[in-house]
Amino acid sequence: VSIVFSTHHSFGNMRLSLAISTIAAGWGAHALSLPACDITKSGQEVCDDFCNDRCGFWNASAGETGQPQTISLFRLTNANLTGVRNKDTADPRGDIGFVLARKNLTATCREDPSATGCFLGGSDIYGLFKVEFDGQWGPYLQCNPLQVGGQDPVKKPLWLDQRNFSCGMDCLSPTETGCHSPWSTGNKNTSDDGVFGPKCWCDGSHREGRAVGRAAPTFLKKGGSIPNATVPSNWVPQCQMAYKEVEAGSCLTGNVKQTLHAWSFDSAIAMGCEACTDDLECTGWSTKDNRTVQLFSGNTSLESGSCTGAVPVPGPIWKMKSWFGVGQLGGYWYSTPKAGECPEGAPLGTDGCTWREVSSSYKNATCVNDKVDAAVEVYAKTCMDGCTQPLNRTSDCYLDCYRDALMGNAAKNVTKMPEKQVINPWVQALERDDPSEGGCPQVQPLPCEGDQCDPLLIDDGAWSLVV
């Protein structure tokens, strides 16, 4: 039974589909009830089991059962992109980790608003979604808008078709020819790729293209890094993303460009990594006494000795002061491929469907992000007061203070901001509507085009309760 209430209440853009009678009617009765995949097997064996409906990637040791459940998903998106069809989402830790990671683009976007990654800005929205799914997690899929036109649409597309998102593994830059990624390892089945977890290409069943995907990206948690960037997990976060430790028993040598003086091991390696990231000519750093740090330029070599050192790992984020993993909050990312969405009224499992959207609401991104910024500004007040314009949120000084507060910085004796002080304002802003309670009012998204839009939105401002 569908009951539609025509109203212009502040909840006007929210539609709830509460599975009350449907639970009794057996929604999910057709969903697969499979054991957890045995990840001690080889990658090929694990993926063979998954692709042939013999297991799912759920975690019994974490209390999961593999049974149908309803989950909360969050997404920062353009104001005209609604719903979760062929979209990536996250839990609170995973989404705020993504949002904070984007702050490193502030200076770039200030100078060139058309630069890569600058399409998400203050006019965007957050979506909050309740999704019912079959409990059988699959590999995480990267879902991104199709890159179109130009001689090289992978690297320099003429435009992004935001009506058409494509999902796949290694799909950072989808084009009409398929998925592309600078970190692609090829279609190799594995139970853990070291970044996103399992990767399974199901050539026959294509189950990976229907399952709700989940990943706990390594770069969002302590000790995480990009592929080929390997430093000990106990090293400071300034070194975690784009450096490789010099092998034990060796010292890096070469043309010494700069010498830094520290007071502890942590401050020494923080200085080394941070200064090398800031210097375009730096090719590595080394310390023999954990107090004096040498930065090198030009060619370097190794000689026998007892030193600590690292060299940058060239790649898309080298020398960018990457904020991926800033705060090391952890969390999960999710993917909901449109091919796995259940038709209206159909039980989970019907024709292999795995999920359905139950409810949705939207908040202005600036309102939400301002709550987090205000909390960081209070914590980092001493540092920001030293800036020429303390609360200029696009200035380099402000951003350095902000980053140091989230990560901690041993080179400056800055202690990392407690995680709850970062996460709680963000969650309150999204889950509450009353500004006096730290909430943000709901907003109506802009018109969405195509068949990947939110099916629960009603254009006339009404909201419906499906019981």
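The values are calculated or read from the model by the stated rules, or taken from the named source; none is laboratory data. Only a predicted model underlies this, so the values are computations on that prediction, with no experimental measurement involved. As a convention, Cβ positions derive from the backbone with ideal geometry for all residues, glycine included, and neighbour counts pool all protein chains shown. Accessible surface areas use protein heavy atoms only, side chains included; no ligands, DNA or RNA. Shrake-Rupley method; radii C 1.70, N 1.55, O 1.52, S 1.80 Å.
For segment 158-163, putting each phi into the Karplus relation 6.51 cos²θ - 1.76 cosθ + 1.60 with θ = phi - 60° gives couplings of 6, 7, 10, 7, 6, 7 Hz, in residue order, rounded to whole numbers and with x for Gly and Pro.
Converting phi to 3J(HN,Hα) with the Karplus coefficients 6.51, -1.76 and 1.60 and the offset θ = phi - 60°, segment 385-395 yields 5, x, 7, 4, 10, x, 10, 7, 6, 10, 7 Hz in sequence order, with x at every glycine or proline. Shown here for segment 327-377: GluC sites (Glu not before Pro) in loop regions (DSSP other than H, G, I, E, B) with at most 11 other Cβ atoms within 10 Å, namely Glu344. In vacuo Debye scattering of segment 155-209, one point per C-alpha: log10 I(q)/I(0) at q = 0.24 Å⁻¹? Scattering profile of segment 155-209, log10 relative to I(0): -1.06.
The H on the amide N of Gln142, modeled in the peptide plane, is under 5 Å from the matching H of Gly168, Met169, Asp170, Cys171, each at least 5 residues off or on a different chain. In sequence order, segment 432-448 has phi-based couplings of 10, 9, 7, x, 5, 9, x, x, 10, x, 6, 10, 8, x, 6, x, 10 Hz under the Karplus curve 6.51 cos²θ - 1.76 cosθ + 1.60, θ = phi - 60°, and Gly or Pro positions carry x. Put simply, the amide H of Lys87, placed in the peptide plane, has neighbours under 5 Å in Thr336, leaving out anything fewer than 5 places away on its chain. For Thr292, the residues 5 or more places off, or on other chains, whose built amide H falls under 5 Å of its own are Ala262. In this label model, Asn187 and Gln428 are separated by 5.0 nm, measuring between points 7 Å along each Cα→Cβ vector. A full extension of the chain between Arg54 and Asn80 corresponds to an added length of 5.5 nm, given 0.36 nm per residue minus the alpha carbon distance. Using the 1.4 Å probe convention, the accessible area of segment 140-233 works out to 48 Å² per residue with neighbouring protein chains retained. Among the listed pairs Lys41/Lys155; Lys103/Lys155; Lys87/Lys155; Lys87/Lys416; Lys244/Lys416, those whose Cα-Cα separation exceeds 26 Å are Lys41/Lys155; Lys87/Lys416.
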